[in-house]
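Below is one structure, written out as structure tokens; the observations come after it.
The values are calculated or read from the model by the stated rules, or taken from the named source; none is laboratory data. Since the structure is predicted, the reported quantities are computational estimates derived from the model, not experimental observations. Virtual Cβ from ideal backbone geometry, glycine too; neighbours counted across all protein chains shown. Areas reflect the complete protein model, heavy atoms only, side chains present, ligands, DNA and RNA absent. Shrake-Rupley method; radii C 1.70, N 1.55, O 1.52, S 1.80 Å.
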Amino acid sequence: MKHIHFFIGLLALGISSFANAQGNNCINAAPLCTDSPITFPAGTNSGTGETGPDYGCLGSEPNPAWYFLQIADPGSITFTLTTSPSEDIDFILWGPFASQSAPCTDDLTDENEVDCSYSSASTETAVIPNAQTGELYILLITNYSNDPTNISVSQTGGTGTTDCGAVIPCDLVVDAGPDINICVGEPQLLNGSFTDDAGNTSYTWTSVPAEAVNDLDDPTLLTPTFTPTINYDSVVFTLTVADDGASLGTCTRTDEVTVYFRPLPSLSYNPNVCPNDDASFVFSGTEGDTINYTLNGVAGIAAIDQSGEVVITTENVTESQELILTSGSIGTCPLSADDLDSIGNGFITMYPISIDTLIQYPADCGVNNGAVQAVASNFQGTPSYLWSGPGPDSPNTFQATVWQNLSSGWYYFSVSDNVCTINDSVFVEQNNQPVAQFEADPTSGNAPLDVVFTNNSENASSFEWDFGNGETASVNDMSSQNTTYGQEGVYIVTLTAIEGECTDVATQEIVVNLILPLSYDLPNVFTPNGDGSNDVFTVNPQNATSMSLSITNRWGNVVFQSDDINATWNGRIMNTGEMCAEGVYFYNLKIAGADLEQISEHNFVHLVLE
């Protein structure tokens, strides 16, 4: 509930004290003084103008802010209304009146309109042409844009002034209580309350629709009892509290409470269902409503949740479904027999159409001679049949129970009668599809390479071999084949397995390498004297894949050792130490070729320093 409070202490503070005050309706209008500008935040999504006033030029009254002003010095007064940031605002001004609250009842009329603007501008100008001392005026400002903005009001012209002490000193706060949900005939106390009265206080309750107030035990009580005699759907009660202790007259404040009547739950369902479909009864109503029922003789309780409904579903039905309501409640009110009759029982009829079986007759390999057959029963009226396929997107259809000359694939069948359509599918197989597969031994090696091929194919009666080297073979059995590859290269071997009009192909690579012969030197003398001729000892290996060389002097001491395939000895110890003496040295050589040939050599070499 939104309440506007005006405090006596604000009288001495001037209009700037009301920078954030604005009335949400005419009776709660805030005071306006033009001695200094005022600024307040415009409302957004804060409702529309109350029913009753003639709003003149205004096509709409969104986010209303109500103000009243009392004239001090006579003369014309010009107000300027601005926005920051710039947004579209509008206004209407009525007057003159003798008091602030009295015109709110029925005096905001076309005859009392002083000025009005419904333009798209973000700055508006309102003019009172001939204000007289003591007169009161009512100003309504609306935020048409519905966007956040600050609205400022200041006097920018004229000789008239406003009485900045014209504030009704009223701290009255009224609360009509929280909104209520009730049932017809259920007594409900309206919990009106107020605070901060300064004098004699009176209370009045009114209602929309107006006749609902007649169901109050006393509309002049602060807390009357409402006992509805009919279902109004909803009633808006307005509590008006008047306090005659204000210095400028009676202070009046209002508040509203809405009484909602809990509607009866409703029942909806599809009355027909086909076999193996789901059957659902849907109760719709207010959270907390409950309905007791039996479904095909089994008792249950349906409790409506916050979504506003509850669904009772039987999956994959095999029989009709009968729902009988036995009792229930809406809120704290029990459902009467008439209520149950109004909601009604439910019956869903299951029609027993069925597809008893689907038969597929496989197609021969590579021949479109398959077939499908359907057997269906329990029709309501004359059935119609429809096959489609192969595949779900095929345009091919056939209207009969048997469809012949088909290729392999999925076929979809539907049967319809006067009530139901049911569907099923069957896969037409294909017999003896050949599968080509074989093994090669070996799959790689050095030329010349002999390879044996083992046929592991399935469902085939003849075979075509292509060995990739210009040789082929055609056989009618699973016998192994062989061929010899004499040249280096990668050969693609292809096996085609054949059965009827169907074929399958398998391939495999055979890699043949060409091995060059291993060669090397066995020098017996070298002269490491730096003359550029025969300065190092080397075996010059050709086509070798690995080499190990070890050289010792005549006492067996190692003077050089390396596993480098391109190793050379320059006559120094380990190629970096002192120069060795002239003489005979012994070496051990192990060398391997690309064809895994392994050779070991033991020999000597003369080191000569000249």
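Determine whether S444 is in contact with a strand residue (DSSP E or B) (Cβ under 9 Å, 6 or more places away or on another chain), on the phi < 0 side of the Ramachandran plot and open to solvent by less than 60 Å² (accessible area, probe 1.4 Å).
Here the answer is no, as S444 does not meet what is asked.
Considering region 456-505 alone, what residues qualify as being within 20 Å of N431 (Cα to Cα) and assigned to a strand (DSSP E or B)?
Hits for region 456-505 are E458, S462, F463, T496, A497, I498, E499, C502, T503, D504, V505.
May I ask you to list the residues in region 52-96 that are small (G, A, S), in a strand (DSSP E or B) and closer than 25 Å to V208 by Cβ?
A65
Filter region 562-582 for residues that are farther than 22 Å from D521 by Cα and open to solvent by 100 Å² or more (accessible area, probe 1.4 Å) and give the result.
Of everything in region 562-582, those that are farther than 22 Å from D521 by Cα and open to solvent by 100 Å² or more (accessible area, probe 1.4 Å) turn out to be T576, E578.
So which residues in region 392-432 are open to solvent by less than 40 Å² (accessible area, probe 1.4 Å), in a loop (DSSP other than H, G, I, E, B) and within 28 Å of P352 (Cα to Cα), if there are any at all?
Answer for region 392-432, where residues must be open to solvent by less than 40 Å² (accessible area, probe 1.4 Å), in a loop (DSSP other than H, G, I, E, B) and within 28 Å of P352 (Cα to Cα): A400, D417, C420.
Looking only at residues that are among the β-branched types (V, I, T) and assigned to a loop (DSSP other than H, G, I, E, B) in region 323-362, which one is least open to solvent (accessible area, probe 1.4 Å)?
Restricting to residues being among the β-branched types (V, I, T) and assigned to a loop (DSSP other than H, G, I, E, B), the top hit is I353.
Tell me which residues, restricted to region 492-523, are surrounded by 15 or more Cβ atoms within 10 Å (Cβ to Cβ) and among the hydrophobic types (A, V, I, L, M, F, W, C).
Selection gives V493, L495, A497, I498, C502, A506, I510, V512, I515, L518.
Hey, among the residues in region 60-70 that are under 22 Å from I128 (Cα atoms) and under 45 Å from the mean Cα position of the chain (by Cα), which one's most open to solvent (accessible area, probe 1.4 Å)?
This residue is E61.
Given the conditions (1) assigned to a loop (DSSP other than H, G, I, E, B); (2) at pLDDT 85 or above; (3) under 37 Å from the mean Cα position of the chain (by Cα), report the number of the one that P219 does not fulfil.
Every condition holds for P219 apart from (3).
For the structure I just gave you, tell me whether S117 is farther than 17 Å from T161 by Cβ and hydroxyl-bearing (S, T, Y).
yes
If you scan region 31-54, which residues turn out to be buried (at least 21 other Cβ atoms within 10 Å of the Cβ) and either over 22 Å from S152 (Cβ atoms) or touching a helix residue (DSSP H, G or I) at 6+ places or on another chain (Cβ under 6 Å) (or both)?
Correct list: C33, I38, P53.
If we keep just the residues of region 262-279 that are aliphatic (A, V, I, L, M) and either more than 22 Å from D305 (Cα to Cα) or under 32 Å from the mean Cα position of the chain (by Cα) (or both), which is surrounded by the most Cβ atoms within 10 Å (Cβ to Cβ)?
A279
Go through (1) farther than 20 Å from T162 by Cα; (2) surrounded by fewer than 21 Cβ atoms within 10 Å (Cβ to Cβ) and name the single condition T78 misses.
(1)
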